[in-house]
Amino acid sequence: MALSGFVLAGLYILVLASQSWAMIEVNMEDRVEVFLGQQVEISCQYKMESDPSTAIIQWYTKPAVSNSQRQSIFYKDNERRIADQDSSLAGRVTVDDSTPGSVLLIVEPVQLEDELLFICSVNTPTEEAKEGRTQLRVFSKPEVPKIEGVHTGISVNEEDPSKIATCVVKNGYPLPNITWFRDRTPLYISEGVVGVANQVTRDTNNLYSVNSELFMKVKKEDKDVTFYCESSYFVPEGTRMTESGRIKITVHYPTTSVEIRQVLPKGQVKEGDTVEIRCFGDGNPTPPLTFKHNGEDLDEGSLTDDQQGVVLRDVKRWDGGNYTCSALDLETLEELEDDMELMVHFLDEVVLSQKSPVVLSQGTALEATCNALSSLDTETAWFKDGQYFTQGHRLRILNVSVDTFGTYQCVVTTPRLPGLESQSALEVFVQSQPQITDIREEDLQGGGNSVNITCVVQGYPMPSITWDSPDQEDLNGLSSDSMELPNGAISTLTVKASSKLSVTCEAENEFGKDSRVYKIEPIGLETSPAPTTTTTPPTTTPASIQTASGSVTVKPPKRVHKEGSGVIIAVLIICVLLLAILGSVLYFLYKKGKIPCGRSGKQDLTKQKSNKDAIVMEMKTDKSDEAVLLQGVNGEKKAP
């Protein structure tokens, strides 16, 4: 009996030992995080002493609430694989158990309802089940926060905090948090100073939206600061923040002082300028303003569009004076005022002591003064025909001459205010007898033998110019053209230059006269007659225009007879060849004894020479080269 008791106790110990050796171990992550709509993998790792193929694996889900029941979503054993179609994950679950000792649950796409506790249970037919748990967290990044400030002004005199702005953050999960900033300083709730009202809503997509309103008791300094809101939210990697845009608010505060000043133009004002005067107050909004000029209200038509200033166009000197700006604070009923003096500078028209034009006799003096009334110091300068002449308001020229003639411009300026200028002109004429100052000649292009003779005359009063020819009773067939000059005249005569002619230009006024003779003479050109009896037409004869001071030669176009020159050269070459042949024949006959070397032979040659000379002289009247060659043949003179 005792032995059987020992045996039973031993068997019991062996059974207990075998059970401890066959225990199952399951390992899972405590937490898995994923973005909404993505894929998530939940791993279940297990260890067992028995064959892993005999393992029975089951997956469950359970809400985070502790007293809620679990729901089966998957079952697997050695023969079956069953996915529960009644769970919220139906159709989105895949299980991968291809690796021994590991099973992977895949959910895609993840929804907000999937934020559950996932349970993995592993057991065998002979072993007790063991479980592992993983909490799945789902995140959705919210939209960028949008801020909108109030559109009305906020008064500093309000007793309670006023609404400043609204910040909206949409479609976030978990619930995003909103923080308000003034410039870069966060605002915290303070009784009677800062307040925040948040409203949270959950949309049909189960995402959160937050509407936050900021209330604050504003100060005058808040007119220059910026406000914005910041959204902080959770993501799988941690916490993120997104800022809204910046806004400014309109702060209303009372006016304590006003200032009136000229804003256009910058600097001194002159007649003709456009002047803008504005009134500036240190309050917001600026109270109604009243503008006065020398104590009288200004016309509303001169006020700017914002009623904060006055625009004076094309100002005159009488627009200067005292300008006043008055402001009435509607809250305190206090009237504030400021004034300024406007000076409009002017420069009157120039007044000349001499009336233009001035006519003077040679040797007399010219005196003139130039003055202009101005509100500033002035400078005066004189210009003659556009060139600087002298400085000062007085113009004085002693012993005037013909060179004094011209236009004298008096220009008055104000050095301290550029752009203010006045001027007037004085024309000065000096009486003198005519004087021919210039002679010009010009060939007329394509005009045949015609040339232009120009006579330039200086003198005042304007002289009359006449043309005359002592070689003819009149200038029939000739034409002239005259033009007045400021201090004289100019006349142009068109003449034929093919014949000898004398032409006289004569200028005269009440103080005397002057004349100049132009002599037109032909200049002969040598021509060579053609080697035939045909009469060669004469070439054009040039003309010479001679004056008392010299001559100006005008050569009309030459007519060159190219055909006659070529024929003459050809004839001369032929004659030289004939003479050379004749000389050779005579020398040959002499050697043969056919020609005696006596006087009778020379006489025969002379007779032949006379006939040859007759032919040569018909070609040219001068002593020719052919005659010289003949003499060389006769032995009287050797040919060159």
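The values are calculated or read from the model by the stated rules, or taken from the named source; none is laboratory data. Not measured: the values here are computed from a predicted model. Glycine also receives a Cβ, built like all others from the backbone with ideal geometry; neighbour counts cover every protein chain displayed.
Considering each of TYR460, TYR408 in turn, give the residue that is surrounded by 14 or more Cβ atoms within 10 Å (Cβ to Cβ), at pLDDT below 95, of a type in the set (Ser, Thr, Tyr) and closer than 23 Å to ASN487 by Cβ.
Answer to the selection: TYR460.
For the structure I just gave you, tell me whether SER257 is crowded, with 18+ Cβ neighbours inside 10 Å, of a type in the set (Ser, Thr, Tyr) and over 40 Å from the mean Cα position of the chain (by Cα).
Values: crowded, with 18+ Cβ neighbours inside 10 Å: no; of a type in the set (Ser, Thr, Tyr): yes; over 40 Å from the mean Cα position of the chain (by Cα): yes.
For SER257, the condition - crowded, with 18+ Cβ neighbours inside 10 Å, of a type in the set (Ser, Thr, Tyr) and over 40 Å from the mean Cα position of the chain (by Cα) - is not met.
Quick one: which residue in ASP77, ASP84 is of a type in the set (Asp, Glu) and within 28 Å of PHE139 (Cα to Cα)?
ASP84
When you scan the range 124-231 for strands (runs of 3 or more DSSP E) that lie fully inside it, which ones turn up with 1 or more residues that are in the same structural domain as ASP114 (by TED's automatic domain parsing) and under 30 Å from MET23 (Cβ atoms)?
127-139
Going residue by residue through the range 375-386, is there one that turns out to be touching a residue at least 12 places away in the same chain (Cβ under 8 Å), within 21 Å of TYR460 (Cβ to Cβ) and among the acidic types (Asp, Glu)?
So far as the range 375-386 goes, yes, one or more of its residues are touching a residue at least 12 places away in the same chain (Cβ under 8 Å), within 21 Å of TYR460 (Cβ to Cβ) and among the acidic types (Asp, Glu).
What residue, among those in the range 342-374 that are of a type in the set (D, E, K, R) and touching a residue at least 12 places away in the same chain (Cβ under 8 Å), is nearest to PHE291 (Cα to Cα)?
ASP348
What's the number of the only condition in (1) within 30 Å of TYR253 (Cα to Cα); (2) free of Cβ contacts under 8 Å to residues at least 24 places away in the same chain that ALA327 fails to meet?
It is condition (2) that ALA327 fails.
Of the residues that sit in the range 357-383 and are surrounded by fewer than 18 Cβ atoms within 10 Å (Cβ to Cβ) and within 40 Å of the chain's Cα centre (by Cα), which one is nearest to LYS270 (Cα to Cα)?
LEU376
Which of the strands (runs of 3 or more DSSP E) found entirely inside the range 20-105 contain at least 3 residues meeting this: under 25 Å from GLU237 (Cα atoms) and more than 60 Å from the chain's Cα centre (by Cα)?
Details: elements: 25-27, 31-35, 40-47, 56-62, 71-76, 81-83, 93-96.
Answer list for the range 20-105: 40-47.
Considering only residues that are out of contact with any Cys (no Cβ under 6 Å at 6 or more places or on another chain), touching a residue at least 40 places away in the same chain (Cβ under 8 Å) and either surrounded by fewer than 13 Cβ atoms within 10 Å (Cβ to Cβ) or of a type outside the set (Gly, Ala, Ser) (or both), which ones fall in the range 75-106?
Quick first cut of the range 75-106, residues out of contact with any Cys (no Cβ under 6 Å at 6 or more places or on another chain) only: 75-102, 104-106.
Adding the requirement that they be touching a residue at least 40 places away in the same chain (Cβ under 8 Å) leaves 97, 100-102, 104-106.
Hits for the range 75-106 are ASP97, PRO100, LEU104, LEU105, ILE106.
Inspect all residues belonging to the range 275-297 and state whether any of them is surrounded by fewer than 13 Cβ atoms within 10 Å (Cβ to Cβ) and under 40 Å from the mean Cα position of the chain (by Cα).
no
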